[in-house]
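The values are calculated or read from the model by the stated rules, or taken from the named source; none is laboratory data. Here the structure is a predicted model, which is why all the values come from computation and not from measurement. In this analysis, Cβ positions are derived from the backbone assuming ideal geometry, glycine residues included, and neighbour counts consider all displayed protein chains.
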Amino acid sequence: MRLGNMEEFWTFGTPFLKYERSLARHFKLLILNIKPLNSDYFQWQLLICGHFIFRIAAVSGAVFARVAMGTACDLFGPRLASAALTLITAPAVYCTAIANSAASFLLVRFFTGFSLATFVSTQFWMSSLFSSKVVGTANGIAGGWGNLGGGATQLIMPLVFGLIHNIGATKFTAWRIAFFIPALFQTLSAYAIFFLGQDLPDGNYSQLHKSGDKHKDSFSQIFYHAITNYRGWILALTYGYCFGVELTIDNIIAQYFYDRFNVNLHTAGIIAASFGLANLFSRPGGGILSDIMAKRFGMRGRLWALWIVQTLGGIFCILLGKVGSLGVSVAVMIIFSIFVQAACGLTFGIVPFVSRRSLGIISGMTGGGGNVGAVLTQVIFFRGSRYSTETGITLMGVMIICCTLVIMLIYFPQWGGMFFGPSSEGTTEEDYYMSEWNSAEKERGIHMASMKFSENSRSERGKRVGSAPSPTDGTPSTYV
Amino acid sequence: MAALEGFLVASFLLSCLTSTSYGVSFSSLQKTIVVSASHQQGKVLKAGEDKITVAWSYNNSFPAGTDSAYKTVKLKLCYAPISQQDRAWRKTEDNLEKDKTCLHNIASRPYSHSNNNISWTVERDVPTATYFIRVYAYNSADEEVAYGQNTDAHKTTNLFQVEAVSGRHASLDIASVCFSAFSVVSLIGFFSLEKRKAKSSQQK
């Protein structure tokens, strides 16, 4: 039984929510942002990361990690996949404490970055546990609070460092010891996920595989169905211009306020942190909005909401670059952050419906698209002195609006798209999701999970459920 | 009301002043001070441990009276060009207010014509880089009026290197390795536990 309506979500969902939160929190403790103690000492990383080849390597690594994570989720289940990735990257965090050169520092940051692929498993997991009616909310809360952890880390780590320094360690050793805190959290979270987590309401993948209730799928099939689904590519592009933009702003905004408005570094840092802290409510808000729109208008509502919110984010981005005074700039930045983060939440209200068989890889592609968008944007607009930062921000806003237009191309035959209603041939949810399985596989009965899901996804028709055609192959509904 | 007006005018003037103040330009300074620096232990100095001796005096080949305005001198540790490459936060600018070449202060002394020297222990928070030493002479308004450095105009001779404090301890190294190994072993444990659980549920 999936957690169905919002009531069930909040009552029965609480145990799931609890570890959803710990998931979210741990996965973003992994974005370690060391406050430069002696900015000189730690600026080597900027030196090295400036080199083109390292940027490319970092992005490719990030995209690969997310797609690989998606695949692992499809094959082994999100519980094992997250726990495994978290434990494998924990050594990188422990070793940050013993890094002592530009190269070693770069390496640990690179490998620590892989752990962020747990974002994909978190979204996959939420999509598996929660029903279509609340999947946007679940994904939004998990993703938003996770990103929030990244912002919170910027405030917490300096405090941890200060505490250790006051206890008696020298500055040079205190920062090293400080890294043990997130590293230990990481190890403990992996334990929590493994022992407390459950892949599906029915049980874990390995048990279900052995008992025959779930069949182990084939990698080539999942991969093929993921890359041939054009909607996955479109969402990857648009996610690059909401989450990618969020990552870009995280990187440049403190410097922007410091340089343009002459605030001191500490204040600039606080302003930058407030951008990330909006994730507390804005990304979940996007997810909740997605579900509310779906209740009334179905999938078409989700698509329209995403397009409107992300375009508005682009408009406020253009404004942000144009505004000349500090107070108004901070206000515009906050409004911009709300829209951009809500767009991220809205994107993951749609991703669970693109494919059922290849949900993991589609989630991974979308997540990877976010990273590619971030690097692309930074390379085009914020590298070197071709554009001033404010011009770069404005142009980034224009690019957001342009790249968001492709949402108009998304069309689900069973539900419609932004401008067209569902197909006149009467395509049903079953037809759409069953098209990912061939008849031999259907014969073996391994498509049953997709069947269950397509029943559940009828809610995406919006208010006109009553007039929908019934399934053509007469398979009885299998609600447990 | 009048007080408010006065306050506004005063703050306006003040902001004008602060925004238009422009530092002394380095190219306007004369190199009238001769500086030499020496240290033992070969070329690489350890921050927090090794000492460096700096001696400075007025260069008498300049006309007499040039140094009448000098009141204090400040000795600074400055980055050599090789340590400034690709690091915008150490950039050399002609406007001394914006110049970031010499970020570390060694000492400050009242000006004296000759026989000045100082033995300085390299401070602990000095980062790993290549350095030279520069001495600025200030007038009574605390503006730079002259300088001297222990290297040539291109900053290529008499440079020395400092190695920063690393903060690493053997105990930290061991702890890191142990915890990392523990994480990996846990993972292997998880996988075997999972296999066993699956097998037992199959047998049920």
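Against the numbered list (1) surrounded by fewer than 24 Cβ atoms within 10 Å (Cβ to Cβ); (2) touching a Gly at 6+ places or on another chain (Cβ under 9 Å), A:Val245 comes up short only at (1). So, of the residues in the stretch A:205-225 that are within 11 Å of chain B (Cβ to nearest Cβ) and closer than 14 Å to A:Ala449 by Cα, which turns out to be modelled with the highest pLDDT? Here the answer is A:Tyr205.
Considering each of B:Ser186, B:Ser180, B:Ser192, B:Ser166 in turn, give the residue that is of a type outside the set (Val, Ile, Thr) and over 19 Å from A:Ala81 (Cα atoms). Matching residue, one of B:Ser186, B:Ser180, B:Ser192, B:Ser166: B:Ser166.
Considering each residue of the stretch B:81-90 in turn, none proves to be in a loop (DSSP other than H, G, I, E, B) and modelled with pLDDT of 90 or more. Give the residues of the stretch B:82-96 that are touching a strand residue (DSSP E or B) at 6+ places or on another chain (Cβ under 7 Å) and of a type in the set (A, V, I, L, M), sorted by residue number. Of everything in the stretch B:82-96, those that are touching a strand residue (DSSP E or B) at 6+ places or on another chain (Cβ under 7 Å) and of a type in the set (A, V, I, L, M) turn out to be B:Ile82, B:Leu96.
Table: residues versus (1) assigned to a helix (DSSP H, G or I); (2) at pLDDT 95 or above; (3) of a type in the set (Ser, Thr, Tyr).
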{"site": "A:Pro284", "(1), (2), (3)": "yes, no, no"}
{"site": "A:Trp307", "(1), (2), (3)": "yes, yes, no"}
{"site": "A:Leu312", "(1), (2), (3)": "yes, yes, no"}
{"site": "A:Phe316", "(1), (2), (3)": "yes, yes, no"}
{"site": "A:Gly324", "(1), (2), (3)": "no, no, no"}
{"site": "A:Ala331", "(1), (2), (3)": "yes, no, no"}
{"site": "A:Ile334", "(1), (2), (3)": "yes, no, no"}
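Evaluating A:Val309 against the criteria (1) closer than 29 Å to A:Gly61 by Cα; (2) β-branched (Val, Ile, Thr); (3) crowded, with 21+ Cβ neighbours inside 10 Å leaves one unmet condition, (1). Would you check if A:Ala183 is among the aliphatic types (A, V, I, L, M), assigned to a helix (DSSP H, G or I), touching a Phe, Trp or Tyr at 6+ places or on another chain (Cβ under 7 Å) and buried (at least 22 other Cβ atoms within 10 Å of the Cβ)? When the stated conditions are applied, A:Ala183 passes them.
Restricting to the stretch B:91-121, and then to whatever is at pLDDT 90 or above and within 14 Å of chain A (Cβ to nearest Cβ), can you tell me which residue is farthest from B:Ser27 (Cα to Cα)? Ranking the qualifying residues of the stretch B:91-121, first place goes to B:His104. Of the residues in the stretch A:183-199, at least one is touching a residue at least 12 places away in the same chain (Cβ under 8 Å), within 30 Å of A:Ser439 (Cα to Cα) and either more than 14 Å from chain B (Cβ to nearest Cβ) or among the charged types (D, E, K, R) (or both).
Scanning the stretch B:184-194 for residues that are closer than 18 Å to A:Ala190 by Cβ, at pLDDT below 90 and at the interface with another protein chain (Cβ under 7 Å from one of its Cβ atoms) turns up at least one hit.
Would you call A:Asn166 within 30 Å of B:Lys195 (Cα to Cα) and either free of Cβ contacts under 8 Å to residues at least 12 places away in the same chain or surrounded by 19 or more Cβ atoms within 10 Å (Cβ to Cβ) (or both)? No, not satisfied.
Taken over the stretch B:170-183, the criterion of being hydroxyl-bearing (Ser, Thr, Tyr) and either in contact (Cβ under 8 Å) with a residue 24 or more places away in the chain or at the interface with another protein chain (Cβ under 8 Å from one of its Cβ atoms) (or both) is satisfied by B:Ser176, B:Ser180, B:Ser183. If you go through the stretch B:157-169 and keep only what is more than 10 Å from chain A (Cβ to nearest Cβ) and without any contact (Cβ under 8 Å) to a residue 12 or more places away in the chain, you end up with just B:Thr157. When the stretch B:45-77 is filtered for residues that are assigned to a loop (DSSP other than H, G, I, E, B), closer than 30 Å to B:Arg124 by Cβ and touching a strand residue (DSSP E or B) at 6+ places or on another chain (Cβ under 6 Å), only B:Ala47 remains. In the stretch A:374-385, the residues that are among the charged types (D, E, K, R) form no Cβ pair under 9 Å with any partner that is surrounded by 18 or more Cβ atoms within 10 Å (Cβ to Cβ), whether six or more places apart or across chains.
Across the stretch A:437-465, which residue is modelled with the highest pLDDT among those that are within 17 Å of A:Lys133 (Cα to Cα) and more than 27 Å from the chain's Cα centre (by Cα)? Here the answer is A:Lys463.
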